[in-house]
Amino acid sequence: MPETEQKYADIINQSRPVSSKHPPMSMLNRAAQFSPFAALTGYDAAVKETARLTDEKIALDEYAKSMLSDRLQMIAEHIDDLPEVTFTYFVPDKKKSGGAYVSVTGTVKEIDEFERIVVLDDGTRIPILEIYEIESGMFAELGYE
């Protein structure tokens, strides 16, 4: 008998001990003990956030601002006709500088001049100062295109 077998001869053929207090661990949980871990928690999320691109807000000239103001006035005058309008506006990013341009189409429910927002029938609230473009078939019908 080799020396190693002699050393452990008293326990080599015994069954594995089973705890009376703890149930046996599943193979999945046993394997999880050896899975890799992230030493820097949150690092991957921070890298992804840094890599996420945002758009810079485009500054409108006086002509563009005037045209948007005229179009909002026309929508206000014909709000009872329920015109379908597409607004493109800037949504500032909550985590970093910049943001994104979003287009939404709907029927204008209200133009709140006090809060300076446009409210659509689906509840979407668009800040007037963030509007970049307004499109609608009503402008062509009124000869304004």
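The values are calculated or read from the model by the stated rules, or taken from the named source; none is laboratory data. Given the structure is predicted, the values throughout are model-derived calculations rather than measurements. Every residue, glycine as well, gets a Cβ built from its backbone with ideal geometry; the counts of neighbours run over all protein chains shown. Areas reflect the complete protein model, heavy atoms only, side chains present, ligands, DNA and RNA absent. Shrake-Rupley method; radii C 1.70, N 1.55, O 1.52, S 1.80 Å.
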Quiz item: So what's the net charge close to residue 85: Lys and Arg +1, Asp and Glu -1, counting the other residues with Cβ under 12 Å from its Cβ?
Solution: -3
Exercise. Sort 27, 67 by accessible area with a 1.4 Å probe, largest first.
Key: 27, 67
Quiz item: Angle, helix 62-77 long axis vs. longest principal axis of the chain, Cα atoms, 0 to 90°, nearest 10?
Solution: 80 degrees
Self-check item: Ellipticity estimate at 222 nm from DSSP helix runs (n ≥ 4, -39,500 (n - 2.57)) divided over the chain, nearest 500
Solution: -7500 deg cm²/dmol
Quiz prompt | Within the accessible area of the range 1-100 (1.4 Å probe), percent carbon and sulfur | solution = 57 percent
Quiz item: In the neighborhood of residue 116, defined by Cβ-to-Cβ distances under 13 Å, what is the net charge if each Lys or Arg adds +1 and each Asp or Glu adds -1?
Solution: -4
Quiz item: What is the sum of charges around residue 63, taking Lys and Arg as +1, Asp and Glu as -1, for the other residues whose C-beta is under 15 Å from the C-beta of residue 63?
Solution: -2
Self-check item: Residue-level accessible surface for residue 44, protein heavy atoms, 1.4 Å, Å²
Solution: 110 Å²
Quiz item: Hey, what's the Kirkwood Rh for the chain if you take every pair of different alpha carbons, in angstrom?
Solution: 21.4 Å
Quiz prompt | Zone of residue 97's modelled label, taken as backbone nitrogen in the range 34-71 under 14 Å from a point 7 Å along Cα→Cβ | solution = 54-58
Exercise. Using a 10 angstrom cutoff on alpha carbons, build the Gaussian network for the chain and name the most mobile of 114, 87, 34.
Key: 34
Exercise. Find the accessible area per residue for the chain; the probe is 1.4 Å, ligands and nucleic acids are left out, and the unit is Å².
Key: 80 Å²
Quiz item: Tell me, what is the 1.4 Å probe accessible area of residue 101, in Å² to the nearest 10?
Solution: 70 Å²
